[in-house]
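The values are calculated or read from the model by the stated rules, or taken from the named source; none is laboratory data. In this text, all values refer to a predicted model and were calculated from it rather than measured experimentally. Don't worry about glycine lacking a Cβ; one is built from the backbone with ideal geometry, like all the others, and counts go over all protein chains shown.
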Amino acid sequence: MEDTVFWEDIGEMIRVLVKRFGILNANCCDTCCGEEVSPAQSHIILEIGKRSCPSMQDVAKCLCMDITTFSRQIKTLEARGLVTKSPDPGDKRINLLALTPEGTQVRNKINNHMREYLNLLFSGMTEFERDTVVRSVKLLSEALENSGICCFR
């Protein structure tokens with residue numbers, strides 16, 4: 001019985017944490033960047049910015065998005081001049097993505113907002129508490145990756 005209560009409690013804590021954390025929630029990018037970029041588009045921009053010309057399939061898989069939904073988001077980002085899509089020279093069936101200079105500016109604004117948010121969040125903690133949180137989040141992230149239940153590969 002205690003085991004069930006533990007799992008219900010930890011499940012609720014994670015759900016509440018995700019909801020409260022909300023860095024890239026529906027209100028984020030209208031207020032942080034002065035840009036009308038949806039949370040999904042924010043994640044796409046950040047992921048493309050971390051890589052050198054990733055394929056559409058790789059980014060969609062990393063973000064756990066089906067390719068049809070992902071393609072619609074990319075078309076919107078292309079139309080806004082934030083992302084470019086070009087065929088892979090080695091395999092024309094694959095499209096590679098890159099941020100435009102404007103897309104890089106939006107990515108930087110999102111990153112700056114996240115940095116400010118995290119500075120505020122951690123400002124009330126001691127160095128030991130911050131280190132503990134970072135180690136714990138890293139451990140949880142690695143457990144998620146190794147579990148096979150998430151598509152972070």
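Take residue 135 and decide whether it is surrounded by 11 or more Cβ atoms within 10 Å (Cβ to Cβ) and among the charged types (D, E, K, R). Judged against the criteria, residue 135 is not a match. Of the listed requirements (1) modelled with pLDDT of 65 or more; (2) on the phi > 0 side of the Ramachandran plot, residue 22 misses just one: (1).
For residue 118, state whether it is surrounded by 13 or more Cβ atoms within 10 Å (Cβ to Cβ) and either more than 15 Å from the chain's Cα centre (by Cα) or not in a loop (DSSP other than H, G, I, E, B) (or both). Here the answer is yes, as residue 118 does meet what is asked.
Within the range 49-59, does at least one residue satisfy the condition of being out of contact with any helix residue (DSSP H, G or I) (no Cβ under 8 Å at 6 or more places or on another chain), closer than 27 Å to residue 144 by Cβ and β-branched (Val, Ile, Thr)? Checked the range 49-59: no residue is out of contact with any helix residue (DSSP H, G or I) (no Cβ under 8 Å at 6 or more places or on another chain), closer than 27 Å to residue 144 by Cβ and β-branched (Val, Ile, Thr).
Residues checked against (1) under 30 Å from residue 14 (Cα atoms); (2) touching a Cys at 6+ places or on another chain (Cβ under 7 Å):
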position: 84; (1), (2): no, no
position: 96; (1), (2): no, yes
position: 99; (1), (2): no, no
position: 110; (1), (2): yes, yes
position: 121; (1), (2): yes, no
position: 134; (1), (2): yes, no
position: 137; (1), (2): yes, no
position: 143; (1), (2): yes, no
position: 147; (1), (2): yes, no
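The set of residues in the range 60-77 that are under 15 Å from residue 46 (Cα atoms) and either out of contact with any helix residue (DSSP H, G or I) (no Cβ under 7 Å at 6 or more places or on another chain) or touching a residue at least 24 places away in the same chain (Cβ under 8 Å) (or both) comprises 61, 62, 64, 65, 70, 73, 74, 77.
If only residues of the range 46-67 that are surrounded by fewer than 12 Cβ atoms within 10 Å (Cβ to Cβ) and under 16 Å from the mean Cα position of the chain (by Cα) are counted, the one that is modelled with the highest pLDDT is 50. Output the residue which, of all residues in the range 68-106 that are part of a helix (DSSP H, G or I), among the aliphatic types (A, V, I, L, M) and surrounded by 13 or more Cβ atoms within 10 Å (Cβ to Cβ), is modelled with the lowest pLDDT. Once the filter is applied, the top-ranked residue is 106.
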